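Below: one structure, written as structure tokens.
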Amino acid sequence: MSARQEAILRTIRDWIAETGESPSVQQIGEKVGLSSTSSVAYQLDRLEARGLISRTGHRWRSCRLST
């Protein structure tokens with residue numbers, strides 16, 4: 001796993017712990033220093049392919065950490 005993917009995973013984990021819901025793609029990008037939402041979405045796709053996160057719908061706002 002890349003350092004950027006670790007940062008994104010940590011951001012999602014912390015955001016869910018603080019707010020009870022997943023962050024948006026834009027919010028993730030702001031936290032990890034990516035201005036392109038497509039770059040964030042690409043990294044989220046990679047994390048989903050590795051089984052580290054999942055989403056209940058089409059939108060990333062519905063993502064959950066896999067156990």
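The values are calculated or read from the model by the stated rules, or taken from the named source; none is laboratory data. All values reported here derive from a predicted model rather than from experimental measurement. Here the Cβ is made from the backbone with ideal geometry for all residues, glycine too, and neighbour counts use every protein chain on show. Remember, those area values only see protein heavy atoms, side chains included, never the ligands or the DNA or RNA. Shrake-Rupley method; radii C 1.70, N 1.55, O 1.52, S 1.80 Å.
A few remarks follow.
- Qualifying residues in the stretch 3-36 (those that are in contact (Cβ under 8 Å) with a residue 40 or more places away in the chain and in a loop (DSSP other than H, G, I, E, B)) - the one least open to solvent (accessible area, probe 1.4 Å): Ser22
- Looking only at the stretch 37-60, residues that are free of Cβ contacts under 8 Å to residues at least 40 places away in the same chain, open to solvent by less than 70 Å² (accessible area, probe 1.4 Å) and outside any helix (DSSP H, G or I) come to 4 in all.
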